[in-house]
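Taking it in order: structure first as structure tokens, then the write-up.
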Amino acid sequence: MEIFVGNLAPQTTEDDLLALFKAFGQVKSAQIVREMFTGASRGFGFVDMPGKQHSLAAIAGLNGKDLNGQALRVNEAQSRTGGGRRR
């Protein structure tokens, strides 16, 4: 299940996300979305966990949790289908 993680501090790394989510089960991947030209964090990312039970536990346990001075927003990632404009 893919999980959206928002309100990330600029210094947060993929390794930070992996360590945080591994407490709830296996993590397939963790990615922070970055600006194309500067490589700076855009303040959100995605974590992919294989099991729904572990994913839901991670969402419940981490939403609002402080990471690097920021309260995380954690929820199930939404599909990008549905007419959104892409550049």
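Only one entry in Phe4, Phe21 is under 11 Å from the mean Cα position of the chain (by Cα), of a type in the set (Phe, Trp, Tyr) and assigned to a helix (DSSP H, G or I), namely Phe21.
Each residue in the stretch 1-31 was checked for being touching a helix residue (DSSP H, G or I) at 6+ places or on another chain (Cβ under 7 Å), more than 15 Å from Asn75 (Cα to Cα) and among the hydrophobic types (A, V, I, L, M, F, W, C), and 1 pass. When Ala60 is tested against (1) at pLDDT 95 or above; (2) farther than 12 Å from Leu20 by Cα; (3) outside any helix (DSSP H, G or I), only condition (3) is not met.
Can you pull out every residue in the stretch 24-49 that is loosely packed, with under 13 Cβ neighbours inside 10 Å, of a type in the set (A, V, I, L, M) and more than 19 Å from Gln70 (Cα to Cα)? Met36, the sole residue that qualifies.
The values are calculated or read from the model by the stated rules, or taken from the named source; none is laboratory data. Note that this is a predicted model, so its numbers are computed, not measured. Cβ sites come from the backbone with ideal geometry, for glycine too, and all protein chains shown count toward neighbours.
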